[in-house]
Each structure stands twice: as C-alpha cells, then as structure tokens.
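The values are calculated or read from the model by the stated rules, or taken from the named source; none is laboratory data. Only a predicted model underlies this, so the values are computations on that prediction, with no experimental measurement involved. Cβ placement follows ideal geometry from the backbone for every residue including glycine, while neighbour counts extend to all protein chains displayed. Ligands, DNA and RNA are stripped out before the accessible areas are found, and what is left, the full protein with its side chains, is counted by its heavy atoms. Shrake-Rupley method; radii C 1.70, N 1.55, O 1.52, S 1.80 Å.
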Amino acid sequence: MSYQKRTALALASGLAGAAVLLAAPAAHATVVDVNYQCKTPIGDKAAVSPIDIKSVRSGSGYKLTMSFQKGVSSSPVELGKGAMNPSAVIKVGGADPGQVQVSGPANTAAIPANSPIKINDLTGTYTPKKSGKVDFTAGVLTIKALGTTTTCTPSNSPGPSLTLDVKAAGGGSGGEQSAPDAGTSLPRTGPLDSAVALATLGGTVLLTGAAGVLWLTRRGQRATG
C-alpha cells in the first residue's frame, strides 16, 4: 500500500471516530417526586408519585417514556379492565421550550374501588426544532374513566426528570455548532495540513491521530529519498 493511501486511511479512520464521539448526546436522568393535586368528579384528592422520564433516539427525534412508580388518585367504584385511559403533558425547557403529549394503554386489569390508580407507562415523541440542552419535567396528568375526567396538576414545582443535549434536524440554531460529517472533504493542501485539520476537529486535539500521520509522512519521505 502506498504512503499516500496509508495517510488517507489514517485520516478517514480518525475523522469517523471523532464524529461518533461528538454526535453522542449527553443525558442525565433522575427520579423526581411529583405532588399531584387532582380534581375528580367526587372532590379533590392528592398523591405523590416518583416520576421517571427516559429517552431513546428515534430517527430525527426521541421517544420519551414517562413512568409512575406509585398510584395517583382513586375511584369510588371499581374500574373494570380497559375502563381507564391516561395521558399527560411533559414540559420541555431550555434551548427548545415547549411540551410533549404522552399517552398510554388502558388498564389491563380491574382497579378495585378506593385504591390508588396505577398509571401505565406513557410514551410520546419529541422532535427538537433547536439544538442545545433541553430538560423534561412532569406536567398535567389526565385520567379518563367511565365517562369522567380527572385532572392532576403538579403542585410542588418539580424539577426535571431528564436533561438531554439534542441536535435539531438540519442544524437548527440553539447555540450549538453542528459536528462535522464523516463525509466532509479535508483541505487538499498536503498530508500535514490534513492532520492539523483532523486534530482540531470539534476543538479536540487528537494527538495520536496527528502523530500517526506524521510518522507515515516521515516514513514515506525516507522511502522516496
């Protein structure tokens, strides 16, 4: 293999690896106690449930899953299988403020009268319009059952259950620069200049990549000298 091909291969490998590192979003999740004040057909009720919000990358967006670790509200009569349908709002703050609607399946088993209503996991899709750091916080929970609607509102100003560094499709502005693509052409000024361009990718000095290119350059010069 010629020295030029070895140099190009080293540059391509380093660039691809750096692009992967830069593209991986940072995430921070925590379980947050949410004090729900519920307006029910038979009066006001209150319940505290730890809330967990997780995310999984899905195409250009993120699938969010909101989990309730304790029951919320109750019913004076038994709720038969499939009688209760939950939904909620997740508030989005930070670089791309807004909200995400999440919903879940009806109850798969009967819920006894006067017992806490266990909410199944609620899911929805968040597609960022701006790049940057965003956080996700539990919002209003809605429970529909037997033709009635119960609305539960967080009363303790809960903190975010999830924080993400997101990237908008098409490079939406949000104070974050887009990571160089693996297919981006490097300057054609010479192997050393290319090594410098790679070494400064994303503001990170890739010393091993630059050293490898310099070693190949010197070896090629000795071979042709």
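Looking only at region 36-54, count how many residues are assigned to a strand (DSSP E or B) and open to solvent by 40 Å² or more (accessible area, probe 1.4 Å).
Summing the residues that are assigned to a strand (DSSP E or B) and open to solvent by 40 Å² or more (accessible area, probe 1.4 Å) in region 36-54 gives 7.
Select from region 143-167 the residues that are touching an Asp or Glu at 6+ places or on another chain (Cβ under 8 Å) and among the β-branched types (Val, Ile, Thr) and write down the one among them that is farthest from Ala95 (Cα to Cα).
The extreme case among them is Thr163.
Just one of (1) surrounded by fewer than 16 Cβ atoms within 10 Å (Cβ to Cβ); (2) assigned to a loop (DSSP other than H, G, I, E, B) trips up Lys63, so point out which.
(2)
Just to verify a result, which residue in region 125-140, among those that are under 19 Å from Pro50 (Cα atoms) and either of a type in the set (S, T, N, Q) or open to solvent by 10 Å² or more (accessible area, probe 1.4 Å) (or both), is farthest from the chain's Cα centre (by Cα)?
The residue in question is Val140.
Testing Pro76 on (1) over 28 Å from the mean Cα position of the chain (by Cα); (2) in a strand (DSSP E or B), one condition comes back false. Which one is that?
Only one criterion is unmet by Pro76, namely (2).
For residues in region 96-124 being open to solvent by less than 30 Å² (accessible area, probe 1.4 Å) and assigned to a loop (DSSP other than H, G, I, E, B), which is farthest from Gly59 (Cα to Cα)?
Checking each candidate, the answer is Ser115.
Restricting attention to region 81-137, report how many residues are of a type in the set (A, V, I, L, M, F, W, C) and at pLDDT 95 or above.
Number of matching residues: 10.
Can you tell me which condition Ala145 does not meet? The list is (1) within 25 Å of Gly43 (Cα to Cα); (2) open to solvent by 50 Å² or more (accessible area, probe 1.4 Å); (3) touching a residue at least 60 places away in the same chain (Cβ under 8 Å), and all the others hold.
(2)
If I filter region 154-183 down to residues being loosely packed, with under 14 Cβ neighbours inside 10 Å and in contact with a strand residue (DSSP E or B) (Cβ under 7 Å, 6 or more places away or on another chain), which single residue comes out as modelled with the lowest pLDDT?
Among them, the one singled out is Gly175.
Can you name the residue in region 76-86 that is open to solvent by 40 Å² or more (accessible area, probe 1.4 Å) and touching a strand residue (DSSP E or B) at 6+ places or on another chain (Cβ under 8 Å) and is also nearest to Pro50 (Cα to Cα) among such residues?
By that ranking, first place goes to Asn85.
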